[in-house]
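The values are calculated or read from the model by the stated rules, or taken from the named source; none is laboratory data. Quick caveat, the model's predicted, so the values are computed rather than measured. Here the Cβ is made from the backbone with ideal geometry for all residues, glycine too, and neighbour counts use every protein chain on show. Note: accessible area is taken over every heavy atom of the protein model, side chains too, but ligands, DNA and RNA are not part of it. Shrake-Rupley method; radii C 1.70, N 1.55, O 1.52, S 1.80 Å.
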Amino acid sequence: MYDWIAKLTSDEQKLASIEHRLRIIPLWVLHAVCAFISFAGHAALRNSLVRRVEHNIADLLDDMPKRAIRATSKNYMENVVFTLVEILFLSKRQLKLQTHHLDVQGEGNLREAQSRSNGKGFIVYTPHMGNFFYYYWYLTRKYDCLTVASAGSQELRPLYLKFAAMGCKGLDYDSVPPLELYRTLKKHLQNGGVVFLLGDFWRASFPLSRFFGRLTRTPEGAAMLAHDLRIPIIPFYGHRTRGFNHKLIFGSPLELQDELSGRIARAEVNLQLNGFMERVIREQPGSWFYWFNVHERWEETSVTNADQTTSSEVG
C-alpha cells in the first residue's frame, strides 16, 4: 500500500501541477475517473494487495460470505482512490465542498462534552475510517484542535503537509518524545482545546490489549488523558457514502468509571474504545484503512503479569 501511495506523492512539483489543472474539472468527471481507476486497480492488484485485503477481511469477519468479502475489497479500493484524490488534488476546494458533501450527525454531543468538561477540552476518538484527514479538517473549522500522526514515512508526508498548510495542527508520534507528547496534549486539553486521536495505530511498544478478540497492542493515550483530567471522550467515525460525499457520526460522551484508577482504569477504557472501533469497522468494513496490513499486529504469546504492567505510550 505504501509503495502504491509513494508513486503518487514522490514528485511534489508534479502533484502541484496536476492539482492546478484539476481545479476546472467538474466533480462528476473526477468521480467517474476515480471509479474507473479503483476498478482497474482492483483487477490489476488482484494477486497482491487485493488478495491480502480479502484474506484479512475473511480472517477477522469470519461470518462474511465470499461475495460480500469481494464487494468489501472493491469498496476498500474505491475509498483509497477517492481519499487520495481528495487529499492531493481537492484540498483547496474543500471549503466549498463542506456544506454540500458532508452529512454530520451528533454534533450536539460535542457541545455536551464541552459543557461537561468544566472549562477543559475533550477527546474525539476514531479509527482510520473513510477520509480521516478530511474529518479532522472539518473539526478544526469549529474547535481549537490538535492531533497525533505518524508523519515519519516519506510516502505519507505530502498528505500530512497538505492539511498542515490548511491549519490542521498535529504532533508527529515518531519524532516527538512520548513524555513531551503527553504534556503537550494535556496542556492543550487543560486550556479548553480538543484532541483528535486515531486509536487503531499499532506499535510494538504499546500496552497489550484486545481487538477483534485477539491479543495486540493499542495506544492508551486517550484513556490516560481522560482519567488524569476527568474529561469526556467522544467516539467518532466517518465513512464515504458515495463519491465525494461523507457521513460523520459523533457519538455520546463515554462514561468513565470513577471507582477505577491507574493501569486497571486505562486498560478498561481501552477495551471499551477497541470495542467501539471493532463495531464501526464491522458496520463499514470497506472504509477501514488497515485491511492491507492488520495481520502484522497480532501477538502470539499469552498475557503475563509482566505484560499487564507495561508502561503506556500516547497515540
Checklist entry - In this structure, is S209 modelled with pLDDT under 95 and buried (at least 20 other Cβ atoms within 10 Å of the Cβ)? => result yes
Checklist entry - Can you spot a residue in the range 10-24 that is in a helix (DSSP H, G or I), at pLDDT 85 or above and of a type outside the set (S, T, N, Q)? => result no
Item to check | Residue list for the range 269-311, restricted to those being closer than 17 Å to Y125 by Cα and modelled with pLDDT under 50 | outcome: none
Item to check | Extreme residue, nearest to Q105 (Cα to Cα), among residues of the range 252-268 that are at pLDDT 85 or above and open to solvent by 60 Å² or more (accessible area, probe 1.4 Å) | outcome: S252
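Quick check on my filter: what residues within the range 172-189 are surrounded by 14 or more Cβ atoms within 10 Å (Cβ to Cβ) and within 14 Å of D144 (Cα to Cα)?
Residues of the range 172-189 that are surrounded by 14 or more Cβ atoms within 10 Å (Cβ to Cβ), as a first pass: 172-173, 176, 178, 181-182, 184-186, 188-189.
The answer is T184, L185, K186, H188, L189.
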Checklist entry - Based on what the data block shows, is F39 open to solvent by less than 10 Å² (accessible area, probe 1.4 Å) and farther than 25 Å from G213 by Cα? => result no
Checklist entry - Any idea which of Y160, Y125, Y136 is part of a helix (DSSP H, G or I) and at pLDDT 90 or above? => result Y136
Checklist outcome for this item: Sole miss for S91 among (1) out of contact with any Lys or Arg (no Cβ under 6 Å at 6 or more places or on another chain); (2) under 15 Å from L27 (Cβ atoms); (3) surrounded by 15 or more Cβ atoms within 10 Å (Cβ to Cβ) is condition (1)
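Specify which of the listed residues (L161, L139) is surrounded by fewer than 17 Cβ atoms within 10 Å (Cβ to Cβ) and among the hydrophobic types (A, V, I, L, M, F, W, C).
Result of the check over L161, L139: L161.
May I ask you to say which residue of G238, G221, G192 is small (G, A, S) and on the phi > 0 side of the Ramachandran plot?
Working: G238 fails: on the phi > 0 side of the Ramachandran plot; G221 fails: on the phi > 0 side of the Ramachandran plot.
That would be G192, the only listed residue that is small (G, A, S) and on the phi > 0 side of the Ramachandran plot.
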Checklist outcome for this item: Counting only residues that are at pLDDT 90 or above and within 23 Å of V80 (Cβ to Cβ), the range 141-157 contains a total of 2
Checklist entry - What's the number of the condition L27 fails, among (1) open to solvent by less than 70 Å² (accessible area, probe 1.4 Å); (2) more than 22 Å from L159 (Cα to Cα)? => result (2)
